[in-house]
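Asks: Handing you a structure now.
The values are calculated or read from the model by the stated rules, or taken from the named source; none is laboratory data. Predicted model only: the values in this text are computed from it and were never measured. Using ideal geometry, Cβ is built from the backbone for each residue, glycine included, and neighbour counts are taken over all protein chains shown.
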Ligand code: GDP
């Protein structure tokens with residue numbers, strides 16, 4: 001299960017409180033220390049942890065006693081609310097274009113699951129909105145990526161636009177013309193990734209952005225990379241106006257640091273999470289549900 005280490009640690013820290021009839025300041029301090037350690041071990045950004053603990057203490061010590069909850073339950077409720085807040089409070093949806101097609105550009109480092117996520121997102125839109133997406137193969141440096149996208153297209157019965165052309169911006173332009181002709185309601189653009197952020201990659205993505213004017217620029221990051229994912233997000237966001245994050249490989253993430261810090265560090269909402277390799281393993285992200293899941 002995702003976040004099992006963090007879940008276990010937090011539940012243990014809070015369990016000590018639930019049995020008590022009355023909670024002292026020392027109890028709160030003890031629980032806060034354990035929560036702090038649990039979050040740091042989960043690889044949550046230290047500043048985010050610091051603010052979080054400060055807020056928990058403030059709320060827990062200042063709270064009027066609610067008759068219906070015992071003190072321990074009140075602290076759990078506070079932690080639950082603060083975790084939710086840290087991950088963005090409300091679920092964020094994709095931006096819709098006023099006229100079809102709505103354009104979604106996917107960016108990210110190589111191996112994070114970008115191409116797979118293009119397929120998952122197409123599948124999600126078909127299932128939830130009966131959408132008719134067109135996919136554009138913009139990762140031209142890795143021939144395998146184009147084949148991979150074609151295969152995904154076949155599996156989903158979705159058209160894939162590709163072209164033997166070294167100018168990606170041109171490919172995207174032609175793909176968009178095709179989508180307009182065919183009245184596709186969504187266009188999802190796969191782009192090239194590198195092992196790390198470099199100028200050539202960013203220049204290319206900027207050129208694609210100028211041609212496509214995407215309604216959504218989603219950064220795909222691998223949850224298992226923890227805080228490094230937040231750094232990647234900051235790097236991409238400097239050059240591109242990212243609109244949101246897709247956090248992949250959550251199924252393998254026992255720690256949870258990326259999910260918990262990326263919003264607080266970058267201000268960018270997590271819109272979807274990838275929870276497996278299959279095309280149906282994509283879920284919209286709800287901070288409150290995730291917080292409840294972590295607290296068990
Ligand atoms: P790209 O280089 O960013 O386009 O990455 P790919 O889409 O080729 O994915 C890289 C690997 O990650 C593949 O083996 C995918 O099956 C795998 N993958 C992608 N998303 C997930 C996910 O949410 N969970 C798991 N477990 N694997 C994933």
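Asks: Here's a check for you: in the range 177-195, which residue that is within 16 Å of the ligand (Cβ to nearest atom) and not in a loop (DSSP other than H, G, I, E, B) is nearest to residue 272 (Cα to Cα)?
Replies: That would be 188.
Asks: Show the residue pairs meeting these rules: Cβ distance below 7 Å; 6+ apart or different chains; first residue within the range 222-237 and in contact (Cβ under 8 Å) with a residue 12 or more places away in the chain and within 19 Å of residue 105 (Cβ to Cβ); second residue more than 15 Å from the ligand (Cβ to nearest atom) and outside any helix (DSSP H, G or I).
Replies: 233/268; 236/242; 237/268
Asks: Looking at the range 280-296, which of its residues are surrounded by fewer than 16 Cβ atoms within 10 Å (Cβ to Cβ) and near the ligand (Cβ under 9 Å from one of its atoms)?
Replies: If the condition is that a residue be surrounded by fewer than 16 Cβ atoms within 10 Å (Cβ to Cβ) and near the ligand (Cβ under 9 Å from one of its atoms), then no residue fits.
Asks: So for the range 93-105 (the condition being in contact (Cβ under 8 Å) with a residue 24 or more places away in the chain and within 16 Å of the ligand (Cβ to nearest atom)), does at least one residue qualify?
Replies: yes
Asks: Additional query: Restricting to the range 263-279, count the residues that are farther than 13 Å from residue 249 by Cα and surrounded by fewer than 16 Cβ atoms within 10 Å (Cβ to Cβ).
Replies: Adding up the residues that qualify gives 1.
Asks: Return the pairs, sorted by first residue and then second, in which the second residue is surrounded by fewer than 13 Cβ atoms within 10 Å (Cβ to Cβ), the first residue lies in the range 122-148 and is at pLDDT 95 or above, the beta carbons are less than 7 Å apart, and the residues are 6+ apart or on different chains.
Replies: Final answer for the pair search is 123/280; 134/182.
Asks: Looking at the range 117-148, which of the residues that are within 9 Å of the ligand (Cβ to nearest atom) and part of a helix (DSSP H, G or I) is surrounded by the fewest Cβ atoms within 10 Å (Cβ to Cβ)?
Replies: Taking the candidates together, the pick is 144.
Asks: Which of (1) surrounded by fewer than 21 Cβ atoms within 10 Å (Cβ to Cβ); (2) more than 28 Å from residue 284 (Cβ to Cβ); (3) away from the ligand (no atom under 16 Å from the Cβ) does residue 171 not meet, given it meets every other one?
Replies: Only one criterion in (1) surrounded by fewer than 21 Cβ atoms within 10 Å (Cβ to Cβ); (2) more than 28 Å from residue 284 (Cβ to Cβ); (3) away from the ligand (no atom under 16 Å from the Cβ) is unmet by residue 171, namely (1).
Asks: Further, regarding this structure: How many residues, within the range 254-271, are within 16 Å of the ligand (Cβ to nearest atom), in contact (Cβ under 8 Å) with a residue 60 or more places away in the chain and in contact with a helix residue (DSSP H, G or I) (Cβ under 7 Å, 6 or more places away or on another chain)?
Replies: Total meeting the criteria: 6.
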